[in-house]
Amino acid sequence: MVPEETMIKDAHLLKQFNINAVRTSHYPNDPRWLEICDEYGFYIIDEANLETHGIGGLLSNDSDWTGAFLERAQRMVERDKNHPSVVFWSLGNESGNGPNHAAMAGWVKEYDNTRFVHYEGAQTRDENYNTDNLLDPPYVDMISRMYNPLEVMVKWANHPDETRPVLYCEYAHAMGNSLGNFYKFWHAIRSNKRFIGAFIWDWTDQGILQKDESGREYWAYGGDFGDSINSSNFCMNGIINADQTPKPVTWEVKKIQQPVAMELLNGSPNTVRITNWHHFSDLSRYDISWNLIENGKQIQKGYLASLATNPGDSENIIIPFKEPDIKPGAEYHLTISFSLNKDFPWALKGHEVAWEQFKLPFNVPPAPPMDLSNLGGVSKEEKDGFIQVSGTGFSLLVSKSNGLLSSYMLEDQEIIKSPLKPNFWRPLTDNDIGGRMPDRSGIWKNAGDDLELTSLESTTISPNEVRIHSSYKLSDDKSSLKMTYTVHGDGSIVVAYEFTSGGNVPNIPRIGMQMQIYEEFDNMEWYGLGPHETYWDRNMGSAVGIYKSSVKNDFFQYARPQESNNHWSTRWVKLTNGEGSGIMIKGNTNTLSFSAWPYSMSDLETAKHINELPDRDFITLNIDHLQMGVGGDNSWTERARPHEEYRIPAGSYSYSFEIKPIIE
């Protein structure tokens with residue numbers, strides 16, 4: 001029994017994260033939930049308690065079961081007919097198709113002709129079980145599908161022989177670290193008139209909080225209660241946690257489903273087109289604010305008069321900022337925000353409903369090149385199997401046996417616990433497992449450990465610059481890697497990475513570098529997208545800015561540990577101790593994809609529950625050029641993979657970043 005306070009909190013969260021519709025899959029919900037939905041304003045698909053998953057349409061085509069089918073529909077409709085939130089009656093879930101479903105629909109329409117009849121199973125199939133060119137039976141009022149490719153849905157929304165609306169009753173399977181390319185679905189929905197919406201599977205993780213013998217809490221799932229027949233963590237596929245707290249993906253959903261769209265018009269840095277996607281409300285309920293940032297720091301802000309844009313309409317507004325004095329190498333972002341201007345039952349005044357950020361098209365000159373003449377001197381020597389480079393306040397070691405940066409001392413304090421090495425792998429996500437990524441790309445798992453050093457050279461370029469080159473071949477004997485460390489007199493290290501994969505090798509999960517630093521460097525600050533984790537195919541719910549967090553205390557824990565806490569499109573990141581000393585890592589040729597974990601990669605890949613993650617005395621730092629997207633159209637076939645444009649095919653890749661000392 002779900003407590004009333006839990007239902008009310010769910011309603012608040014759904015509204016706060018811009019969700020306006022609920023499917024009661026797969027049975028009629030508590031009547032109190034429908035009363036709450038009436039009060040707060042949701043569209044409800046009320047679904048009959050009917051599912052025959054294992055036997056398909058066998059019972060729907062058996063007249064002995066007609067009465068039982070009808071009874072399920074009749075009891076639902078009679079009970080819930082007076083709830084205005086109910087706009088669809090659903091005939092069940094995954095029960096095949098047949099005359100018993102048609103009988104249910106006939107009774108419902110005769111009894112209540114004010115609502116629509118939904119049933120995803122109502123599909124006409126040919127002898128090859130194909131539905132592509134066959135219209136759905138006439139007893140349903142919409143074309144409903146689960147997890148079909150988006151292009152199939154767009155095709156149905158524009159089918160010349162079809163007039164019924166189209167929706168996903170399930171899509172965007174949110175299992176673990178998922179919901180990549182979510183924006184594509186809503187672009188299609190808003191671009192095709194008969195494509196009316198979609199229902200994410202699903203709302204909340206269905207884990208049960210438990211404690212192990214040491215008192216450590218974890219989320220239990222299938223198989224944790226002595227049950228031998230289970231689906232493991234397949235119940236952990238919500239966009240919020242089991243304790244009703246948001247996940248990083250919750251913010252992505254909120255952003256993409258927001259009811260106010262904003263577009264910076266071409267040729268103007270301050271003219272913005274506003275579109276109202278509300279169905280019934282104008283925009284007068286919102287306060288509108290804006291701010292302008294330079295390299296992540298606010299330099300201007302202001303407020304605009306409220307708008308009264310009608311539902312479905314658009315209008316242009318002018319943001320009255322003053323063009324700043326442009327600094328070489330700087331970047332400028334304008335953010336516009338729509339917040340409630342009064343209290344609502346589900347949120348207080350000031351709650352942000354919609355926002356957008358634009359990189360402004362100013363003509364910014366490049367930053368001047370670094371002046372190396374005043375950086376201090378460096379010395380180089382070879383001893384004890386290492387190349388040592390030293391200068392005032394720092395020294396570093398590169399191993400002659402493997403060419404890896406193995407030590408970085410700042411004022412006699414060691415930063416590195418484990419060497420900076422190439423990495424091509426990631427801890428498997430649920431979608432990686434369901435999409436069989438290890439079967440296809442498993443050769444990359446140990447590729448960074450199995451590198452063969454083929455050459456190592458060190459050169460003094462000038463009194464304040466030393467360069468170290470290393471070359472490698474990979475175990476496939478077809479791929480190669482070149483690394484260059486350029487050390488300057490101020491202790492900074494410019495790392496250049498050039499990788500070429502050879503032959504017909506599979507997609508690469510990750511292109512980057514990984515090292516472990518000591519746990520005391522737990523204070524993380526970065527300039528880029530935040531504050532939530534972001535990935536190549538899931539980053540629209542975060543804005544460019546400067547953010548701070550604790551590597552350990554703010555680490556987001558998925559119920560089954562996996563790849564997590566990545567930050568896409570990062571300009572720089574600092575990791576410092578309590579005194580403010582540490583390192584800064586800055587992208588040179590482009591932005592970085594980075595993450596910092598209080599665990600090892602192996603810890604995250606082998607643990608099945610969060611209580612199994614050990615306490616470590618190090619931080620694993622990933623400094624990447626690319627990491628493939630998280631995918632998630634489903635979580636059990638190849639369509640769990642990221643879309644093709646978010647994969648890393650065989651080819652040549654290069655990037656550069658700088659490690660700079662921070663000494664306080």
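The values are calculated or read from the model by the stated rules, or taken from the named source; none is laboratory data. If you're wondering where the values come from, they're calculated on a predicted model, not measured in any experiment. For neighbour counting, all protein chains shown are included, and Cβ atoms are generated from backbone atoms with ideal geometry for every residue, glycine included.
Quick check: is even one residue across segment 469-477 assigned by TED's automatic domain parsing to the domain that holds PRO509, within 30 Å of TRP636 (Cβ to Cβ) and modelled with pLDDT under 95? Within segment 469-477, one or more residues are assigned by TED's automatic domain parsing to the domain that holds PRO509, within 30 Å of TRP636 (Cβ to Cβ) and modelled with pLDDT under 95.
For segment 337-393, the tally of residues that are closer than 30 Å to LYS9 by Cα, assigned to a loop (DSSP other than H, G, I, E, B) and not acidic (Asp, Glu) stands at 8. So SER407 fits all but one of (1) closer than 23 Å to THR271 by Cα; (2) assigned to a strand (DSSP E or B); (3) out of contact with any Phe, Trp or Tyr (no Cβ under 7 Å at 6 or more places or on another chain); (4) free of Cβ contacts under 8 Å to residues at least 60 places away in the same chain; what number is the exception? Only one criterion is unmet by SER407, namely (1). For segment 161-171, the count of residues that are touching a residue at least 24 places away in the same chain (Cβ under 8 Å), more than 27 Å from VAL2 (Cα to Cα) and touching a Cys at 6+ places or on another chain (Cβ under 7 Å) is zero. For segment 410-461, a residue qualifies if it is among the basic types (Lys, Arg) and touching a residue at least 24 places away in the same chain (Cβ under 8 Å), and the qualifying residues are LYS417, LYS421, ARG426, ARG436, ARG440. What is the one condition in (1) within 31 Å of the chain's Cα centre (by Cα); (2) of a type in the set (Val, Ile, Thr); (3) assigned to a strand (DSSP E or B) that ILE461 does not satisfy? Result: ILE461 passes all but (1). PHE185 meets all of the listed conditions (1) surrounded by 20 or more Cβ atoms within 10 Å (Cβ to Cβ); (2) over 21 Å from the mean Cα position of the chain (by Cα) but one, namely (2).
Do the conditions hold for GLU35, that is, is it of a type outside the set (Lys, Arg), in a helix (DSSP H, G or I) and either touching a residue at least 12 places away in the same chain (Cβ under 8 Å) or surrounded by 15 or more Cβ atoms within 10 Å (Cβ to Cβ) (or both)? Taking the combined requirement at face value, the residue satisfies it. Look through segment 644-664, keep the residues that are more than 30 Å from GLN413 (Cβ to Cβ) and either hydrophobic (A, V, I, L, M, F, W, C) or touching a helix residue (DSSP H, G or I) at 6+ places or on another chain (Cβ under 8 Å) (or both), and return whichever of them is surrounded by the most Cβ atoms within 10 Å (Cβ to Cβ). The extreme case among them is ILE648.
Taken over segment 38-53, the criterion of being outside any loop (DSSP other than H, G, I, E, B), of a type outside the set (Asp, Glu) and touching a helix residue (DSSP H, G or I) at 6+ places or on another chain (Cβ under 7 Å) is satisfied by TYR40, ILE44. For segment 75-85, the criterion of being under 34 Å from the mean Cα position of the chain (by Cα), closer than 26 Å to MET1 by Cβ and of a type outside the set (Lys, Arg) is met by at least one residue. Only one entry in GLY541, GLY512, GLY530 is in contact with a helix residue (DSSP H, G or I) (Cβ under 6 Å, 6 or more places away or on another chain), at pLDDT 95 or above and among the small types (Gly, Ala, Ser), namely GLY541.
Quick check: is even one residue across segment 312-329 at pLDDT 95 or above, aromatic (Phe, Trp, Tyr), surrounded by 14 or more Cβ atoms within 10 Å (Cβ to Cβ) and part of a loop (DSSP other than H, G, I, E, B)? Looking through segment 312-329, at least one residue is at pLDDT 95 or above, aromatic (Phe, Trp, Tyr), surrounded by 14 or more Cβ atoms within 10 Å (Cβ to Cβ) and part of a loop (DSSP other than H, G, I, E, B).
The set of residues from segment 321-379 being within 30 Å of GLU252 (Cβ to Cβ) and of a type in the set (Val, Ile, Thr) comprises THR335, ILE336, VAL353, VAL364.
Here ASN374 clears all of (1) free of Cβ contacts under 8 Å to residues at least 24 places away in the same chain; (2) of a type in the set (S, T, N, Q); (3) surrounded by 13 or more Cβ atoms within 10 Å (Cβ to Cβ) except the condition numbered (3).
Looking across segment 454-472, the residues that are buried (at least 18 other Cβ atoms within 10 Å of the Cβ) and β-branched (Val, Ile, Thr) come down to VAL466, ILE468. Which members of segment 553-589 meet the condition of being small (Gly, Ala, Ser) and either farther than 19 Å from GLY530 by Cα or free of Cβ contacts under 8 Å to residues at least 40 places away in the same chain (or both)? Passing the criteria: ALA559, GLY578, GLY580, SER581, GLY582.
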